[in-house]
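A short reminder: the numbers here are calculations on the coordinates, not readings from a lab. Being a predicted model, the structure only gives us computed values, none of them experimental. Heads up, the Cβs are rebuilt from the backbone with ideal geometry, glycines too, and the neighbour counts pull from every protein chain shown.
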Amino acid sequence: MEDLTDGRWQDEVLVVPADETVSAAAGPSLNDAFARLDPADRLVFLSRSISGPIVFTTSFGLEDQALTHLIAEAGIDCRFATLDTGRLFPETHTVWAATEQRYGIRIQAFYPRAGALEALVHQHGINGFYQSLDARHACCGVRKVEPLDRALAGTAAWLTGLRAGQSGSRQALEFVSYDPVRRLLKVNPLLDWSRDRVAAFVHQANVPYNALHDKGFLSIGCAPCTRAVAPGEPERSGRWWWEQDQTRECGLHLTPDGRLVRTGKPS
Ligand code: SF4
């Protein structure tokens, strides 16, 4: 692990107020610095570089659990948040509780707006997401995207567990990029880790993890939209498996025109 206290990094530490203009300019600098650090040091570096609130949104997947461990161990001043869509697996709630207990933290839950959810189910039915892409996006919009907007309100930096190896479209991501829609820095400290490396880290550190991972589930989201995958299948092939689009995403990491947020430059 790099020693961040020996002054070598001093010249590169940026003070980034929670101001959209300065944050946008800081993205590429942080991105360059991250490339030379390991994930634990990236978190420390970020916390020293950002003066506004940092939020980590977890869905309790393997990467998120590793990140929770690193954040807690480093004592990073960071708010934990999760989106409880109302359709999660019981195993996800179990690992959520185990994580809070292990690290002595509270993970703030964001729920869908009741009125929007009632209207969604009335229009499309309780499992309407199987019927059309529009209905699926509408469901993700109500259950995930709108609550995420509330979870990130006023945030300077958004920590995620995204990895480049998770899908072809995620290979274009950067460690740090400016999200011009949400006006914050999006930070992916585990971007260059492989799934095997994350799994080894979780097991070595005895981090709580979702029991579904032992049953062939690689990427875990809502229960009706997630299934186990066979050995060798792409990591995210168990998500919305009935859809043909190979770049399937729930909308949390997309721009309004459907692209993954990946540019480090303001736009
Ligand atoms: Fe709805 Fe499925 Fe999206 Fe969950 S993953 S919000 S159940 S469409």
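Structure notes:
- Volume in Å³ per residue [convex hull over Cα atoms, computed for segment 109-238]: 147 Å³
- Proxy reagent accessibility, fewest Cβ within 10 Å first, across 148, 191, 133: 133, 148, 191
- Taking the empirical scaling 2.2 N^0.38 Å for compact globular proteins as reference, segment 13-214 has a Cα radius of gyration ratio of 1.05.
- In terms of the mean number of neighbouring beta-carbon atoms within 10 Å, the peptides 54-67, 100-113 order highest first as 54-67, 100-113.
- Amide H contacts under 5 Å for residue 88, placed H, 5+ residues apart: 223
- Distant-in-sequence amide H partners of residue 184 (H built 1.01 Å from N, under 5 Å): 179
- Euclidean distance between Cα centres, segment 138-191 to segment 41-70, Å: 12 Å
- Multiplying the residue separation of residue 116 and residue 214 by 0.36 nm and removing their Cα-Cα distance gives an extension gain of 31.8 nm.
- Pair residue 130, residue 205: separation of 7 Å Cα→Cβ label points (nm): 3.8 nm
- Phi angles across segment 46-59 convert, under the Karplus curve 6.51 cos²θ - 1.76 cosθ + 1.60 with θ = phi - 60°, into 3J(HN,Hα) values of 4, 5, 7, 9, 10, 9, x, x, 10, 10, 10, 9, 10, 10 Hz, Gly and Pro given as x.
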